[in-house]
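Q: Mind looking over this structure? Questions follow.
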Amino acid sequence: MTIQVGDRLPAVNLKQLTADGIKDVPITELTSGKKVVLFAVPGAFTPTCSEKHLPGFVEQADAIKAKGVDAILCVAVNDPFVVSAWEKARNVGGKVTMLSDGNAEFTRAIGLDFDGSAVGLGTRSKRYAMVVDDGVVKSLMVEDAPAQAEKSSASAVLGIL
């Protein structure tokens, strides 16, 4: 079942690579008492994700935060090492919190996974963006196809904030 507007995010841990190694990051800690924009990509270093989706949020981070958003979170179904390398390669500079969902636990829990096995990708996340207020989904924009980044773009999110 796909998460809907009005639903609370499930209590699932994501991962981050830190100077001390891989760290569990509870999604509840990231969203409790905060207004956040959470967006997901099918995969780090993939064309649309790297050239359009993530860069839009990095470029428009200040404008998004000026609308009362406490944090911008990016979730990728990749391991924490890949997500960290992608963060550096794309010069994110702390504007977006980069999170790994390597086993797709969060993605499956919210029902936004898809099977990319036909092209060697295995389980991946649909491309989406959501506005979350104190752990509750306030808006959800899911793309119709993995290569699209329009409904879930930073500009689209700005338009609904």
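Q: Identify all residues within segment 105-161 that are polar (S, T, N, Q) and either out of contact with any strand residue (DSSP E or B) (no Cβ under 9 Å at 6 or more places or on another chain) or surrounded by fewer than 18 Cβ atoms within 10 Å (Cβ to Cβ) (or both); write none if there are none. Write out each step before concluding.
A: As a first pass, look at segment 105-161 and keep what is polar (S, T, N, Q): 107, 117, 123, 125, 139, 148, 152-153, 155.
Of everything in segment 105-161, those that are polar (S, T, N, Q) and either out of contact with any strand residue (DSSP E or B) (no Cβ under 9 Å at 6 or more places or on another chain) or surrounded by fewer than 18 Cβ atoms within 10 Å (Cβ to Cβ) (or both) turn out to be SER117, THR123, SER139, GLN148, SER155.
Q: I need the strands (runs of 3 or more DSSP E) fully contained in segment 94-161, keeping only those with at least 2 residues that are of a type in the set (D, E, K, R) and over 15 Å from SER50 (Cα atoms). Please lay out each step first, then the result.
A: Values: elements: 97-100, 113-115, 123-125, 128-133, 136-142.
The strands (runs of 3 or more DSSP E) meeting that bar are 113-115.
Q: Quick one: which of ASN78, ASN91 is of a type in the set (S, T, N, Q), loosely packed, with under 14 Cβ neighbours inside 10 Å and at pLDDT below 95? Give the steps one after another, and end with the answer.
A: Working: ASN78 fails: loosely packed, with under 14 Cβ neighbours inside 10 Å.
None of the others qualify; the one that does is ASN91.
Q: Residue by residue through segment 1-19, note down the ones that are charged (D, E, K, R) and assigned to a strand (DSSP E or B). Break it down into steps so the answer makes sense when it comes.
A: Here is the first cut: in segment 1-19, the ones charged (D, E, K, R) are 7-8, 15.
Scanning segment 1-19 gives ARG8, LYS15.
Q: Just the residues that are at pLDDT 90 or above, closer than 20 Å to THR107 by Cα, of a type outside the set (A, V, I, L, M, F, W, C) and part of a helix (DSSP H, G or I), please, taken from segment 20-64.
A: THR28, GLU29, THR31
Q: Further, regarding this structure: Considering only residues that are in contact with a Pro (Cβ under 9 Å, 6 or more places away or on another chain) and within 21 Å of ASP79 (Cα to Cα), look in segment 1-17 and name the one that is surrounded by the fewest Cβ atoms within 10 Å (Cβ to Cβ). Even if it seems obvious, please write down each step before you answer.
A: Going through segment 1-17, the residues in contact with a Pro (Cβ under 9 Å, 6 or more places away or on another chain) turn out to be 3, 11-17.
Remaining after also requiring within 21 Å of ASP79 (Cα to Cα): 11-17.
Details: ALA11: 12, VAL12: 17, ASN13: 15, LEU14: 24, LYS15: 22, GLN16: 17, LEU17: 18.
Among residues in segment 1-17 that are in contact with a Pro (Cβ under 9 Å, 6 or more places away or on another chain) and within 21 Å of ASP79 (Cα to Cα), the one surrounded by the fewest Cβ atoms within 10 Å (Cβ to Cβ) is ALA11.
Q: Mind checking which pairs have a first residue in segment 4-18 that is over 12 Å from SER100 (Cβ atoms) and a second that is crowded, with 17+ Cβ neighbours inside 10 Å and among the polar types (S, T, N, Q), Cβ under 8 Å, 6 or more apart or different chains?
A: Every condition considered, the pairs that remain are LEU9/THR31.
The values are calculated or read from the model by the stated rules, or taken from the named source; none is laboratory data. Because the structure is a prediction, the values reported are computed rather than measured. Virtual Cβ from ideal backbone geometry, glycine too; neighbours counted across all protein chains shown.
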